[in-house]
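So the structure is just underneath, and the comments pick up after that.
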Amino acid sequence: MIHFLASTQAGCRRLFPSYGIHATVTFALSVCGALIAQALDVTTLKAQSGDRPNIVFIMSDDQGYWDTGVTGNPHIDTPNMNAIAEAGVQLNRYYAAPVCAPTRAGLMTGRYYLRTGLYNTRFGGDSMGLDEITVAQLLQKAGYRTGLFGKWHLGKYPDYQPQNRGFDEFFGHYHGHIERYHFPDQVFHNGKPVEARGYVSDIFTNASIDFIEHSTKTQDAPFFCALMFNAPHSPFLLDTSHFGQPEGDKLLTKYLDRGLPIREARIYSLVERVDQNIGRLLERLDSLGIAENTLVVFTSDNGGVSKFFKAGLNGNKAGVYEGGVRAPCFVRWPKRIKAGRMIEAQTSHVDWLPTLCELAGQEVPRDRAIDGKSLVKLLTGENESVHHEYVYHTWDRYQPNAEKRWSVSDDRWKLLCQVGGDATPSRANWKLFDLAADPGEQVNLAAKHPHEVDRLRGEFVRWFGEVTKGQTYSPVPIPVDNTPVEIEPSWATWSGDHIQYTFDGYDWDTIDRWKDPGETASWNLDVKNAGRYRVVLTYGCRPIDAGGTLRLRCGDHSITHQTIASATADQFENHVAGTIDLPQGNINLVAEVARCPGEELMRLNRITLQPID
């Protein structure tokens, strides 16, 4: 310090000859104090950074509350999922949405999905609004390295993709499910289509482990790794390659020998494959020496699809009974969470954004409603009181409504209505359950407690009005920019006596059966750059139906294409239809039957627009 003061004094005298000794010492002390304070600030920041946990968030797809050993299933083997629960806490009344994309929107934003513009799992309704702020963006801001591996299902077009929504690294798929679990070909790496070798649950886990290892060894920052398995979602595929099939067969045989029907045996085998991969990831956390300060969350995205054992719960995926919305949720963090606790308070998928933000020292957005509440005090045992006064659910594939499929629950009571098809909902369809005495929702008490019915219905209607206020639920305009864009049949609006849309796994959907002149399919485009685009049609056409004419028009511009035969209508080929000028802005692209000599114009699988420089 004396040397520092002397050198500072000498420096000051050289710069300022009139500077007195007292002023020199005072200046030096102030400089020294500033440097010490800065050093303390740096030390504090490093300490805070060291206290912030790494985060591994694991989500399976369509795995029910009852599909683990630790939740009471005696038929399934899930030792690694069980281990997370046993080393941490179980959230026993943890609620997801009835289906996958709504849960993922709530997880990413901390907001019920109806606030985000998302309303469907396909038909273009599975794109989360671009003005939403994701937990990944917030954790990035807090200094975390972020990665997502597996299922996204919140938008397939460039601006909506994970690497543009806060993730430094993305490898996975955009759709609600994929068709190939071995050597998957519907996967993308940071926006680019890729292919992969091996079994899909292994591949996504490998990518997660590699991301964690790279982050740990090369980055001076915590990480957020979201491992989003697409299993056990249909098509219920086990290992099928020539080198891997015996392992898949072993699992399937084991569950068949336990008396499960073939469908259920497949689901259980898929769950166990997920469990095996979770075990590999947990072992890597241990070997890297970071398990102690890594928060590990395991959960699922909605209620279950399996039916062999249901832990006494009613309902399944897509419904609002407990079996459709209650999901397994286990949380481990050795540094802060005591092992072996059970949390009975109502918790929700929308709670993760505020929870992870609190752990990262990052404020949640203040310019919008955040429905979630931080779970930190519940997880650490500092608070075990009521968490959410009410939890809400609603789901209708085509348009949100407050009448057909909805529920609201408090800590004891749950009111629901679940009708489908063309049924007309009425108060007679409402059911009230005392979840404390009847978690299986078997005894309808609506007639005995009309005041509870009125209270809960009033609360649901209030909530529904709030979360849908100002929202328009329709497919987002398809962005057309300076890269090729594929336009899917499911995003179309169609018109005509015969035309129909056939769903068959997203990438194999078609517009078909159209044959009368004037039958149309149209898409809403958002053209970012006006210009000329090459139009490539992908379709199948029976030889006997070939020779018809499709007209494509956009504004004042149109082109025609004469259909060319393929071997069969379900075998698709690419055909350049010509070029078309697209003006900037929102505009409709219309495909129209001009002439059809056969029974069907074509089975249109997709339209690709390629910008011409």
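Looking at Val527, Val485, Val476, Val535, which is the one that is closer than 30 Å to Val350 by Cα and either modelled with pLDDT of 95 or more or crowded, with 16+ Cβ neighbours inside 10 Å (or both)?
Values: Val527 fails: closer than 30 Å to Val350 by Cα; Val485 fails: closer than 30 Å to Val350 by Cα; Val535 fails: closer than 30 Å to Val350 by Cα.
Exactly one of Val527, Val485, Val476, Val535 is closer than 30 Å to Val350 by Cα and either modelled with pLDDT of 95 or more or crowded, with 16+ Cβ neighbours inside 10 Å (or both), namely Val476.
When you look at Gly69, is it surrounded by fewer than 24 Cβ atoms within 10 Å (Cβ to Cβ), out of contact with any Gly (no Cβ under 6 Å at 6 or more places or on another chain) and not β-branched (Val, Ile, Thr), yes or no? Talk me through it step by step, then tell me what you get.
Working: surrounded by fewer than 24 Cβ atoms within 10 Å (Cβ to Cβ): yes; out of contact with any Gly (no Cβ under 6 Å at 6 or more places or on another chain): yes; not β-branched (Val, Ile, Thr): yes.
Yes: the conditions hold for Gly69.
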Any hit, the range 362-385, residues being under 23 Å from Ala142 (Cβ atoms), part of a helix (DSSP H, G or I) and under 20 Å from the mean Cα position of the chain (by Cα): no
Exclusive hit being touching a residue at least 24 places away in the same chain (Cβ under 8 Å) and touching a Leu at 6+ places or on another chain (Cβ under 9 Å), set Val480, Val461: Val480
Flag if Ile544 is in contact with a strand residue (DSSP E or B) (Cβ under 6 Å, 6 or more places away or on another chain), more than 20 Å from Asp509 (Cα to Cα) and in contact (Cβ under 8 Å) with a residue 40 or more places away in the chain: no
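So which of Met128, Met108 ends up being out of contact with any strand residue (DSSP E or B) (no Cβ under 8 Å at 6 or more places or on another chain), under 28 Å from Ile212 (Cβ atoms), free of Cβ contacts under 8 Å to residues at least 40 places away in the same chain and aliphatic (A, V, I, L, M)?
On the way: Met108 fails: free of Cβ contacts under 8 Å to residues at least 40 places away in the same chain.
Exactly one of Met128, Met108 is out of contact with any strand residue (DSSP E or B) (no Cβ under 8 Å at 6 or more places or on another chain), under 28 Å from Ile212 (Cβ atoms), free of Cβ contacts under 8 Å to residues at least 40 places away in the same chain and aliphatic (A, V, I, L, M), namely Met128.
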Cβ-Cβ under 9 Å pairs, at least 6 apart or on other chains, the range 421-432 side surrounded by 10 or more Cβ atoms within 10 Å (Cβ to Cβ), far side at pLDDT below 85: Asn429/Ala423
Residue tally, condition touching a helix residue (DSSP H, G or I) at 6+ places or on another chain (Cβ under 9 Å) and modelled with pLDDT under 95, over the range 406-420: 1
Ala221 vs. criteria in contact (Cβ under 8 Å) with a residue 60 or more places away in the chain and over 19 Å from Ile178 (Cβ atoms): yes
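Which ones in the range 582-603 are part of a strand (DSSP E or B) and under 12 Å from Arg542 (Cα atoms)?
So the first thing to find is which residues in the range 582-603 are part of a strand (DSSP E or B), and the list is 582, 585-595, 603.
Arg603, the sole residue that qualifies.
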Residue pairs meeting the criteria (Cβ under 8 Å; at least 6 apart or on separate chains; first over 21 Å from Ser306 (Cα atoms), in the range 270-286; second among the small types (Gly, Ala, Ser) and buried (at least 23 other Cβ atoms within 10 Å of the Cβ)): Leu281/Ser208
Single residue of the range 209-220 satisfying the filter (crowded, with 17+ Cβ neighbours inside 10 Å and touching a Lys or Arg at 6+ places or on another chain (Cβ under 9 Å)) that is nearest to Ala142 (Cα to Cα): Ser215
The one condition in (1) of a type in the set (S, T, N, Q); (2) surrounded by 15 or more Cβ atoms within 10 Å (Cβ to Cβ); (3) within 30 Å of Leu416 (Cβ to Cβ) that Asn401 fails to fulfil: (2)
Some residue of the range 179-186 being closer than 20 Å to Gln63 by Cβ, in the same structural domain as Gly147 (by TED's automatic domain parsing), of a type in the set (Phe, Trp, Tyr) and in contact with a helix residue (DSSP H, G or I) (Cβ under 8 Å, 6 or more places away or on another chain): yes
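Kindly establish whether Thr146 is surrounded by fewer than 22 Cβ atoms within 10 Å (Cβ to Cβ) and either polar (S, T, N, Q) or free of Cβ contacts under 8 Å to residues at least 60 places away in the same chain (or both).
On the way: surrounded by fewer than 22 Cβ atoms within 10 Å (Cβ to Cβ): no; either polar (S, T, N, Q) or free of Cβ contacts under 8 Å to residues at least 60 places away in the same chain (or both): yes.
So Thr146 does not fit the description; no.
Kindly establish whether Val408 is in contact with a strand residue (DSSP E or B) (Cβ under 6 Å, 6 or more places away or on another chain), crowded, with 21+ Cβ neighbours inside 10 Å and not polar (S, T, N, Q). Working first, answer last.
Values: in contact with a strand residue (DSSP E or B) (Cβ under 6 Å, 6 or more places away or on another chain): yes; crowded, with 21+ Cβ neighbours inside 10 Å: yes; not polar (S, T, N, Q): yes.
Criteria met by Val408.
The values are calculated or read from the model by the stated rules, or taken from the named source; none is laboratory data. Here the structure is a predicted model, which is why all the values come from computation and not from measurement. Heads up, the Cβs are rebuilt from the backbone with ideal geometry, glycines too, and the neighbour counts pull from every protein chain shown.
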